[in-house]
Amino acid sequence: MSKHTLTLVVALSLVASPAAAEVCDEATAIAESLSYLRRLSLDLRGRVPTLEEQASVVTNGAIDPSIVEAMVESEDLIHQVRRHHLDMLWTNVNDLRLTNQAFQLSPPQGRNPAPAYFLQAQLRRNQYRGGPAVCLDEPARFDRDGAILTTPDPQNANIRREGWVEVEPYWAPGTTIRVCAFDAQTAETWTDDRGNEIDCASNGRGAGCGCGPNLRWCQSGFDGTTRTITTSMNEQLLRYMDAIVREDRPYTDVVLGKDFEIDGPLAFWLAHQSQTGGNVLPAAPLQDHAIPDRAFSDATWQTLERGDQHAGVLSMPGYLLKFGSNRGRANRFYEAFLCQHFESNEPIPPATDDCHKEPDLTKRCGCKGCHLAVEPAAAHWGRWAEAGLIAMTDDRFPAYLEQCAQPGAGRRFPACRLFYFTDSDVTDPESEGEYVGMLRAYVFADDTRAANIEAGPLGIASSAVESGVFASCTVQKMWTRLMSREPSAAEAEAIATLASDFEANGYRLKSLIQSIVERPEYVEAARGGE
Amino acid sequence: MNRRILMTPLFVFAVAACDATPPAGTVPPDGSETLYPDSWAHAMPEDRGEATITPTPAEAEGRFARRMSVDQLRRSIPVLFDGITWTVNSRNGAQSGFDALSRTLGEADYIQATSHNEEPSPLFAKFMEDMAADVCNQAVRADLEAAPGDPRLIIMDDADVDGTLRFLRLKLHGLYVPSDSTDGIDDLRALYDDVASTQEPPVAWFAVCIAMLTAPEFMAY
């Protein structure tokens, strides 16, 4: 801001002062234009206008249309639209735990100082050393076969301790850290005393299993690996929506698009760490898209195409993990893209009423008012793992699995317990018995719900677009954001016209935004276009 | 000039800027304390005039006025003050007050809070006074240290008080005051004169800056 600018403002103020009425009209025009400019700048760019922009309004008595166009095309608008999407989808999964303690490294500092990084899980320490101990502060020793040599603890004969090794961690290539030798083991598999082969990459049990090559199966909270991954999940979803608006693609791609971007941390997690979630976060590299071989430290984004199970943001980690249940996923879809919410008007009978024992929520009293609509909608995510991240394609997860129909399958097979309806889930054999062995989404599913499961999130998204509800809701939400209020009943026609134009213009969001801020309700603000 | 030098006279200004004779009803019964109508005193509520907290569409069918969001403030302050922003000290060292106090100021994090609290609450007002004090202090200091001919942030021309107030009114509030009018700068001029009568001019500009950054004309749009 220069002194010349003040000079300009002062000079401008000296120019006009002819007849009183003219002065008044001109002053009013300038005041209203300045007010409009301020609204535009704050709503479209998230900041106040510059002094130079305001001075141009004083000079011209009106806003130069090029200023509005520049705002609509600016990167600042993308930032504002991102804020809009954050408010719609609550995109923040930074509170997620990606793994249990068995794959969680502790640093050699903090409350319990240790000579090197070690795995937090008590089970690991018991298996490695026979008790709650960490390694010794000395380099590890190995025998001729490469087996780790240990030193008995002088105070506790049950405990034996090893030394540490230097490892180049995946999160900081080119550097090394000290890691307790047992915890740093790199074997892919290990055979226990009973002859069972254990997959070290997904199972936290086994004295011969560690964190793998470059510690690739483990998280280090101290080094922020989990936060880096969850931040990438947030960013992936938001940058996808940013790009659609920035590149003027049809806004429908938000829920229909098949492309996506992936960065190093996210690709690395999917390829090497997603299977370590266990019961904390059931996940796997099965994502119905290729997972590129990327270094964790590579922060660049790579564009890829996804398979049939995907639908815009609705199948991205930032959505699926934020809304962990299929009902939650459907509910957020309704709120964000249909401007509808589930609400039951049905009275709830007393708790003593037997109708509460009905296991099917679409029939249970007090519940069916919502669940008649919720369950078919939720079914669209039926082939995505709940509280986790797995694309459960039919070839890997058939609707019925004989193995999971066996008595006790839920106890014996983790996949049955997590994803299938087993005998231990049955509370009413008469109504539920026929579903034992079925993928959970198919329980109580009629033909409509079964069709929805197979259609996936793309099915519900396509219906929303084809019905026009998606366009109408997008208009309502943008109107509400820019006008600071919801449209009134009297404005239904205006909303319908905007939605129709939005659709006819190829669902260009920037064009919609410009249409709204040029309406008299916005331009004249409190006067409401009168 | 350090912050303490600027802050101490401000308190004096806050007292001096108001009517020296408080109206009836603002003095406690025992006469031990004189109250002045500032942001926090309960005195003279009628001075604020009537306000509709939540106007209904029936009353106004245009766009509703709203308070600036934390993010808008976060992005606007550096634009207005050549990169200067609200700085607070925390365990992690100096950082933006808008970031360090984001949740306290009502900004959603989408984990604990999924919607923004944009009410002009007393808590928000308190922190905005802190923000204004910090930003104005930095801005005035930058002006005092600027070489002749360099851009100024607040004190555009100490010799032309009304001209500078017009400049600030446009810059901070988006309100244009022609040179043949003092409508809209009278109160600010009175404030400036009050403080300048007992303090150095930079202190008066500091006071004007705080008054303008905490004014509804700045915070609402």
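The table below lists the values:
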{"read-out": "Residues that are without any contact (Cβ under 8 Å) to a residue 60 or more places away in the chain, farther than 22 Å from A:S274 by Cβ and surrounded by 16 or more Cβ atoms within 10 Å (Cβ to Cβ), drawn from the stretch A:379-403", "value": "A:A399"}
{"read-out": "Restricting the stretch B:63-113 to residues that are among the acidic types (D, E) and within 9 Å of chain A (Cβ to nearest Cβ), the residue that is surrounded by the most Cβ atoms within 10 Å (Cβ to Cβ)", "value": "B:D71"}
{"read-out": "Sole exception among (1) open to solvent by less than 30 Å² (accessible area, probe 1.4 Å); (2) in contact (Cβ under 8 Å) with a residue 24 or more places away in the chain; (3) of a type outside the set (S, T, Y) for A:A373, by number", "value": "(1)"}
{"read-out": "All positions within the stretch A:24-41 that are among the β-branched types (V, I, T) and open to solvent by 30 Å² or more (accessible area, probe 1.4 Å)", "value": "A:T28"}
{"read-out": "Members of the stretch A:459-491 that are open to solvent by 50 Å² or more (accessible area, probe 1.4 Å) and in contact (Cβ under 8 Å) with a residue 12 or more places away in the chain", "value": "A:Q476, A:K477, A:R481"}
{"read-out": "Residue that is most open to solvent (accessible area, probe 1.4 Å), among those in the stretch A:42-79 that are facing chain B (nearest Cβ under 9 Å) and polar (S, T, N, Q)", "value": "A:T50"}
{"read-out": "Count of residues meeting criterion [buried (at least 22 other Cβ atoms within 10 Å of the Cβ) and assigned to a strand (DSSP E or B)] in the stretch A:166-176", "value": "1"}
{"read-out": "Every pair of residues 6+ apart whose Cβ atoms lie under 8 Å, when the first sits in the stretch B:135-150 and is at pLDDT below 95 while the second is part of a helix (DSSP H, G or I)", "value": "B:G149/A:K3"}
{"read-out": "Conditions (1) part of a helix (DSSP H, G or I); (2) open to solvent by 20 Å² or more (accessible area, probe 1.4 Å); number of the one not met by A:Y507", "value": "(1)"}
{"read-out": "Residue match in the stretch A:252-268 (condition: surrounded by fewer than 16 Cβ atoms within 10 Å (Cβ to Cβ) and farther than 29 Å from A:T474 by Cα)", "value": "no"}
{"read-out": "From the options A:G307, A:G318, residue that is within 20 Å of A:Q80 (Cα to Cα) and either open to solvent by less than 50 Å² (accessible area, probe 1.4 Å) or in a helix (DSSP H, G or I) (or both)", "value": "A:G318"}
{"read-out": "Pick from the stretch A:177-192, criterion charged (D, E, K, R) and assigned to a loop (DSSP other than H, G, I, E, B), ranking: modelled with the lowest pLDDT", "value": "A:D192"}
{"read-out": "All positions within the stretch A:93-151 that are crowded, with 17+ Cβ neighbours inside 10 Å, polar (S, T, N, Q) and within 14 Å of chain B (Cβ to nearest Cβ)", "value": "none"}
{"read-out": "Only one of B:L153, B:L191, B:L165, B:L170 that is touching a Phe, Trp or Tyr at 6+ places or on another chain (Cβ under 8 Å), facing chain A (nearest Cβ under 10 Å) and in a helix (DSSP H, G or I)", "value": "B:L170"}
{"read-out": "Residue, nearest to A:D87 (Cα to Cα), within the stretch B:114-145, restricted to residues that are in a loop (DSSP other than H, G, I, E, B) and more than 10 Å from chain A (Cβ to nearest Cβ)", "value": "B:N117"}
{"read-out": "Selection within the stretch B:146-204 - of a type in the set (V, I, T) and open to solvent by 60 Å² or more (accessible area, probe 1.4 Å)", "value": "B:T198"}
{"read-out": "The stretch A:147-168, residues that are more than 19 Å from A:D137 (Cβ to Cβ) and of a type outside the set (S, T, N, Q)", "value": "A:A147, A:A157, A:E168"}
{"read-out": "Residue in the stretch A:510-519 that is surrounded by 16 or more Cβ atoms within 10 Å (Cβ to Cβ) and not in a helix (DSSP H, G or I) present", "value": "yes"}
{"read-out": "Residue that is open to solvent by 30 Å² or more (accessible area, probe 1.4 Å) and either more than 17 Å from A:A450 (Cβ to Cβ) or at pLDDT 90 or above (or both), where the choices are A:P359, A:P349", "value": "A:P349"}
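Matching residues to (1) out of contact with any Ser or Thr (no Cβ under 9 Å at 6 or more places or on another chain); (2) more than 18 Å from B:A133 (Cβ to Cβ); (3) modelled with pLDDT under 95; (4) not basic (K, R):
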{"site": "B:L165", "(1), (2), (3), (4)": "no, yes, no, yes"}
{"site": "B:L170", "(1), (2), (3), (4)": "yes, yes, no, yes"}
{"site": "B:Y176", "(1), (2), (3), (4)": "no, yes, no, yes"}
{"site": "B:A190", "(1), (2), (3), (4)": "yes, yes, no, yes"}
{"site": "B:A196", "(1), (2), (3), (4)": "yes, yes, no, yes"}
{"site": "B:P202", "(1), (2), (3), (4)": "yes, no, no, yes"}
{"site": "B:A207", "(1), (2), (3), (4)": "yes, no, no, yes"}
{"site": "B:A211", "(1), (2), (3), (4)": "yes, no, no, yes"}
{"site": "B:T214", "(1), (2), (3), (4)": "no, no, no, yes"}
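Residue-wise test of (1) within 14 Å of chain B (Cβ to nearest Cβ); (2) assigned to a helix (DSSP H, G or I); (3) within 24 Å of the chain's Cα centre (by Cα); (4) of a type in the set (F, W, Y).
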{"residue": "A:S424", "(1), (2), (3), (4)": "no, yes, no, no"}
{"residue": "A:N452", "(1), (2), (3), (4)": "no, yes, yes, no"}
{"residue": "A:G459", "(1), (2), (3), (4)": "no, yes, yes, no"}
{"residue": "A:S462", "(1), (2), (3), (4)": "no, yes, yes, no"}
{"residue": "A:V465", "(1), (2), (3), (4)": "no, yes, yes, no"}
{"residue": "A:W479", "(1), (2), (3), (4)": "yes, yes, no, yes"}
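The values are calculated or read from the model by the stated rules, or taken from the named source; none is laboratory data. Just so you know, these numbers come straight off a predicted model, no measurement behind them. When we count neighbours, we look across all protein chains shown, and the Cβ atoms used for this are built from the backbone with ideal geometry, even at glycine. The accessibility values were calculated without ligands, DNA or RNA, using every heavy atom of the protein model including side chains. Shrake-Rupley method; radii C 1.70, N 1.55, O 1.52, S 1.80 Å.
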